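Asker: Sharing a structure here in structure tokens format.
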Amino acid sequence: MAIEFLVVKFPESRDVLADDSPVGKTNKTLLLPADEYEISLSGTGYTPASQDVILTGTSTQNPMVIAFSLATALTTGLTGAKAKTAKTRKAPKAKKAKPSTKKATTKKKAATKKKAATKKS
């Protein structure tokens, strides 16, 4: 039986399952006998749930490449608080610096001295 080459792309390292049996890791070239397989990943949080492939006619320079992506809260069926934590959170806004009371007091004193000097002349 011929050996075929498969690369399963995913943003994280996961076990790759061929017909529910572990055959290697994501983002590595996997060697499997020529056949039909249902490919899935270990764990949860990815889409699609599985992919049917027919491995034939591949080579080390030209492997079959399939991809899975991270699932969003909508595709995983999360609701309520779980969905909120799954979303990307915005960074809190930076607070504006309050003016220093020392500067304000110094400006008032300078203005008072200036008024006093103009009254004397």
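Asker: Which of the residues that make up the range 17-27 are touching a strand residue (DSSP E or B) at 6+ places or on another chain (Cβ under 7 Å) and either under 11 Å from Val53 (Cβ atoms) or in a loop (DSSP other than H, G, I, E, B) (or both)?
Answerer: Ala18, Asp19, Thr26, Asn27
Asker: While we're looking at this one, here's another question. Looking at this structure, is Ala83 surrounded by 13 or more Cβ atoms within 10 Å (Cβ to Cβ), modelled with pLDDT under 55 and either outside any strand (DSSP E or B) or within 25 Å of the chain's Cα centre (by Cα) (or both)? First the steps, then the outcome.
Answerer: Values: surrounded by 13 or more Cβ atoms within 10 Å (Cβ to Cβ): yes; modelled with pLDDT under 55: yes; either outside any strand (DSSP E or B) or within 25 Å of the chain's Cα centre (by Cα) (or both): yes.
It is true that Ala83 is surrounded by 13 or more Cβ atoms within 10 Å (Cβ to Cβ), modelled with pLDDT under 55 and either outside any strand (DSSP E or B) or within 25 Å of the chain's Cα centre (by Cα) (or both).
Asker: Determine the pairs where a residue that is farther than 15 Å from Ala67 by Cβ, located within the range 16-41, has a partner that is hydroxyl-bearing (Ser, Thr, Tyr) with Cβ atoms under 6 Å apart, the partner being 6 or more residues away or on another chain.
Answerer: Leu17/Ser40; Ala18/Tyr37; Asp19/Tyr37; Ala34/Thr56; Glu38/Ser50
Residue-by-condition table, conditions (1) under 17 Å from the mean Cα position of the chain (by Cα); (2) modelled with pLDDT of 95 or more; (3) surrounded by 17 or more Cβ atoms within 10 Å (Cβ to Cβ):
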{"site": "Ile3", "(1), (2), (3)": "no, yes, no"}
{"site": "Leu6", "(1), (2), (3)": "no, yes, yes"}
{"site": "Val16", "(1), (2), (3)": "no, yes, yes"}
{"site": "Asn27", "(1), (2), (3)": "yes, yes, no"}
{"site": "Leu41", "(1), (2), (3)": "no, yes, yes"}
{"site": "Thr47", "(1), (2), (3)": "yes, yes, no"}
{"site": "Ser59", "(1), (2), (3)": "no, yes, no"}
{"site": "Asn62", "(1), (2), (3)": "no, yes, no"}
{"site": "Thr72", "(1), (2), (3)": "yes, no, no"}
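The values are calculated or read from the model by the stated rules, or taken from the named source; none is laboratory data. Just so you know, these numbers come straight off a predicted model, no measurement behind them. Here the Cβ is made from the backbone with ideal geometry for all residues, glycine too, and neighbour counts use every protein chain on show.
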